[in-house]
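The structure appears below as C-alpha cells.
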Amino acid sequence: MNWTPRQTDRAELLDCNFGTLSQVRESLHDIRRINTFLGGARVVANATFAILKARNLKRATILDIGTGAADIPLRLRREAKKCGIELKIIALDLNARHLQIALEDIEKEGATRKISLLRADAFALPLADTSVDVVIASLFTHHFRAPQIVRLLNEFSRVSRSGWVVNDLVRHNLPLFFFRLTRPIFARSYLTRHDGEASIRRGYTIEEVQKILLENDLRDVKLRAHFPFRMSLVCEKSTP
C-alpha cells in the first residue's frame, strides 16, 4: 500500500478570503490549537532559542512570516520572559483580516509593546539586509512550489543576521486519517476542515524537500523530521 498520497495543489479557503471575520477568527484559533497540541509551536520555539543561545543573545528581533493570529509570536514572548531574553517580534502577514485578529490576541495578552504587525509580501520583504536576528515561518511553505520555496528561503537569509527556522507538515496518509478523526477537536471551523486536508495534500515529504535543498545547493540547511509528521528546516548562519 502506498502511504504517501499524490501531491495536489488545491487552494485553501483562508488564502482566498472565504468566510466572515468571525469564521476566519475561529479557523485561525483552530490553527493555534493544532500548533500547540501537535508540536509545531514547540519545534519553532526550540530551534529559535537554540540559535539565540548559540549566539549568546539576550536581546533579539524575530520576524514571523505568515503569522495568522500571531500565536507563535505570543508563545515565543512568554518563553523568552522565562529564560531572560528580551524579544522584539514582527508578525507579518499579507492578509489584513489575519492581522486584525492577531492584534486582538496581542492586546489581550498586553503584548503590543513587544509584538508589532506588518502587512507585506514574504517574497519581497520591506526590510534591509540582516535587519532581524531570526526569521521564522510555520505552516507556510507548503503553500508554494519548489522555485517559490527557494525564493522564500533566500529572502529569509537576506534579512536575517543569525538564521531562520521553517516548520511545516509532512504529506502522508496517516495525518489525513488522523485529521479526519479529530476534526471535532482541532477543526471546529468549516474553513479549517477544508484547509486542513488541503494543506496535507499540498505538503511535501522529507525526501522531496531534501531534493529541493540539494538541487539548489542549500547545503547549510538542516532538515529534520519531528513527531507527529512535522519537519523543520533550520539555517544557522556562521558567526561573523
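Since every read-out is calculated from the coordinates, none of them should be taken as a lab result. Keep in mind it's a predicted model, so treat the numbers as computed, not measured. Here the Cβ positions follow ideal geometry from the backbone for every residue, glycine too, while neighbour counts run over all protein chains shown.
For this structure, a couple of remarks:
- Whole-Hz ³J(HN,Hα) from phi, Karplus 6.51 cos²θ - 1.76 cosθ + 1.60, for the stretch 16-21, glycine and proline x: 9, 6, 6, x, 6, 4
- Three-way shape call for the stretch 71-202 based on the alpha-carbon gyration tensor, with the a/c threshold at 1.5: oblate
- For Lys88, residues with placed amide H under 5 Å, excluding near neighbours: Ala60, Thr61, Ile62
- Residue (of Gly39, Leu214, Ile200) at the positive-pole extreme of the stretch 21-236, dipole from beta-carbon charges: Gly39
- For the chain, a simple Cβ point-charge model (Lys and Arg +1, Asp and Glu -1, everything else neutral) yields a dipole of about 660 debye relative to the Cα centre.
- Added length on full extension, which subtracts the Cα-Cα distance from 0.36 nm per residue, Asn216 to Ile185: 7.2 nm
- Distance between the stretch 178-238 and the stretch 79-105 - C-alpha centres, whole angstrom: 22 Å
- Antiparallel bridge percentage (DSSP; both residues within the stretch 129-234; nearest 5): 60 percent
- Restricting attention to the chain, close to 35% of DSSP beta bridges with both partner residues there are antiparallel.
- Each residue of the stretch 152-162 is assigned a 3J(HN,Hα), and the resulting list reads 4, 5, 5, 5, 4, 5, 4, 8, 9, 8, 9 Hz, derived from the Karplus form 6.51 cos²θ - 1.76 cosθ + 1.60 (θ = phi - 60°), x at Gly and Pro.
- Under-5 Å amide H pairs with Ser138, H placed in peptide plane, nonlocal only: Ile65, Asn167
- Potential extension, Asn46-Gln23 segment - 0.36 nm per residue separation minus Cα distance: 5.2 nm
- In sequence order, the stretch 82-99 has phi-based couplings of 5, 9, x, 10, 8, 10, 10, 10, 9, 9, 10, 8, 7, 8, 5, 5, 4, 5 Hz under the Karplus curve 6.51 cos²θ - 1.76 cosθ + 1.60, θ = phi - 60°, and Gly or Pro positions carry x.
- Only helices enter the 222 nm calculation for the chain: every DSSP H run of n ≥ 4 contributes -39,500 (n - 2.57), and dividing by all residues gives -14000 deg cm²/dmol, rounded to 500.
- Using a cut-off of 28 Å between Cα atoms, the listed pairs Lys53/Lys222; Lys81/Lys108; Lys211/Lys237; Lys82/Lys211; Lys114/Lys237; Lys58/Lys211 include Lys82/Lys211; Lys58/Lys211 as exceeding that distance.
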